[in-house]
1. Do any helices (runs of 4 or more DSSP H) lying entirely in the stretch 11-99 carry at least 2 residues that are modelled with pLDDT of 95 or more and over 18 Å from TYR148 (Cα atoms), and which ones are they?
2. Can you tell me how many residues in the stretch 84-124 are within 12 Å of PHE137 (Cα to Cα) and either surrounded by fewer than 13 Cβ atoms within 10 Å (Cβ to Cβ) or of a type in the set (A, V, I, L, M, F, W, C) (or both)?
3. Among the candidates LEU259, LEU266, LEU271, LEU198, single out the residue that is within 25 Å of LEU188 (Cβ to Cβ), buried (at least 17 other Cβ atoms within 10 Å of the Cβ) and either modelled with pLDDT under 95 or out of contact with any helix residue (DSSP H, G or I) (no Cβ under 6 Å at 6 or more places or on another chain) (or both).
4. Residues ASP299, ASP333, ASP321, ASP340: which one is among the acidic types (Asp, Glu) and either under 16 Å from PRO272 (Cβ atoms) or at pLDDT below 95 (or both)?
5. Quick one: is ILE77 crowded, with 17+ Cβ neighbours inside 10 Å and under 17 Å from the mean Cα position of the chain (by Cα)?
6. Could you give me the residue pairs with C-beta distances under 8 Å whose first residue belongs to the stretch 328-345 and is farther than 16 Å from ILE54 by Cα, whose second residue is modelled with pLDDT of 95 or more and hydroxyl-bearing (Ser, Thr, Tyr) wherever it lies, and which are 6+ apart or on separate chains?
7. Between residues in the stretch 355-378 that are under 10 Å from TYR309 (Cα atoms) and residues that are of a type in the set (Phe, Trp, Tyr) and crowded, with 21+ Cβ neighbours inside 10 Å, which pairs lie under 6 Å by C-beta distance while being six or more apart or on different chains?
8. Scan the stretch 251-266 and report the pairs whose first residue is among the polar types (S, T, N, Q) and whose second residue is surrounded by fewer than 20 Cβ atoms within 10 Å (Cβ to Cβ), with Cβ atoms within less than 6 Å and a gap of 6+ or a chain change.
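The values are calculated or read from the model by the stated rules, or taken from the named source; none is laboratory data. Bear in mind that the values here come from a model prediction, so they are computed numbers and not experimental data. Ideal geometry is used to build each Cβ from the backbone, glycine not excepted, and the neighbour counts take in all protein chains shown.
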Amino acid sequence: MINRLFIPALCGVSLLLVSCAGSQKNSSAQSIPSLKEVFKNDFAIGTALNTEQIEEKDPRAAALVPQQFNMATPENIMKAEIIHPQWGSYNFDLADKMIAFGEKHNIKINGHTLIWHSQLPAFAHNIQSVDSFRTFFTDHINTVAGRYSGKLFSWDVVNEALNEDGTMRKSIFLDKLGDNFVTEAFRLAQAASPATELYYNDYNNEQPAKRAGCITLIKKVQAAGVRIDGVGIQGHWHVGKVPLKDIEESILQYSELGLKVMFTELDIEVLPRNFQGADISQRMKNDPSLNPYVNGLPDSVQQQLAKDYQALFNLFLKHKDKITRVTFWGVNDGQSWLNDWPVRGRTNYPLLFDRQFMPKPAFYKVIETKKDFENIKKGF
């Protein structure tokens, strides 16, 4: 891991980072490039924020986030189980804090998510009547999207509605409302928040079969005369196995539909796993062999991670006319959901900043892609 580095700032942007070594009194100033400034003419750079970061309880995150990112997505606090815990009862405290955080730091907020089969409030699963469930569905979108109309830049209106083969996922929404629920969700969101960009978001939708199903779903929404502005490719990939060809083909095919393309939950896992995807219902049994890097990441894996991120950003820059945002799913390695999924209590390293909020080799490789891209344009 990188603990002490001084790198001259690109674009005249510097970042003060606090590196704690036993106490906050032992700190050092670090000057590093800013992702949002380096890519400001290409696409937005976002991150997912947890509650502690939204409330700015960690001074290191409070310094890092506004310097590095110009968009943010709440990791959990706008999901239905938190924002709509009881029938007819809403809790907007944390979501309001997210809006205030964005306004304070000039960071655009992507709402996540209006309709998702997972992390629903318990009462929703107990609704028996189709009419009552439709009322829940309609009131939830109208109330939540309506409250933040004009305050959010965008919404992930529907999240993860597809199976890996591109068919509709079996869910309570499909069961109660039929396969038109996606179109109806976008119709309601459009009415409740007319100035907000509206997206469909999923994982593995760069894979050919699921991509085809996603395109079919999007065309269905469009054919109904309902607005859908973009598609989110989550981007949960594995070190050494990033599917660049499929990703590029997906960028091209989705953009042909007139959609903006975003990478919405980017991370690159380094630990062993026996399946692909990001279905949080899937789990693996804990075993020491599945957590091999407790004491740090070997240099060979660190370099492969950097190489993978470099290749991804080279691709993003190649298609920057089609890509509007790249969001990392977490600020640093210690925050990543991959420490507790699909196995709890592991030590993962999927992001650009380490557990001390210090930039990793992958960070600098990402920065280098912009310099290389500009040199190619100039014919160097």
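1. Fully inside the stretch 11-99 and qualifying: 35-38, 51-54, 59-68.
2. 7
3. Among LEU259, LEU266, LEU271, LEU198, only LEU259 is within 25 Å of LEU188 (Cβ to Cβ), buried (at least 17 other Cβ atoms within 10 Å of the Cβ) and either modelled with pLDDT under 95 or out of contact with any helix residue (DSSP H, G or I) (no Cβ under 6 Å at 6 or more places or on another chain) (or both).
4. Working: ASP299 fails: either under 16 Å from PRO272 (Cβ atoms) or at pLDDT below 95 (or both); ASP333 fails: either under 16 Å from PRO272 (Cβ atoms) or at pLDDT below 95 (or both); ASP321 fails: either under 16 Å from PRO272 (Cβ atoms) or at pLDDT below 95 (or both).
Step by step, each of ASP299, ASP333, ASP321, ASP340 is checked, and only ASP340 is among the acidic types (Asp, Glu) and either under 16 Å from PRO272 (Cβ atoms) or at pLDDT below 95 (or both).
5. On the way: crowded, with 17+ Cβ neighbours inside 10 Å: yes; under 17 Å from the mean Cα position of the chain (by Cα): yes.
In short, yes.
6. ASP333/TYR349; ASN339/THR347
7. Qualifying pairs under 6 Å: ALA362/TYR309; LYS365/TYR309; VAL366/TYR309; VAL366/PHE313; THR369/PHE313.
8. SER255/LYS322
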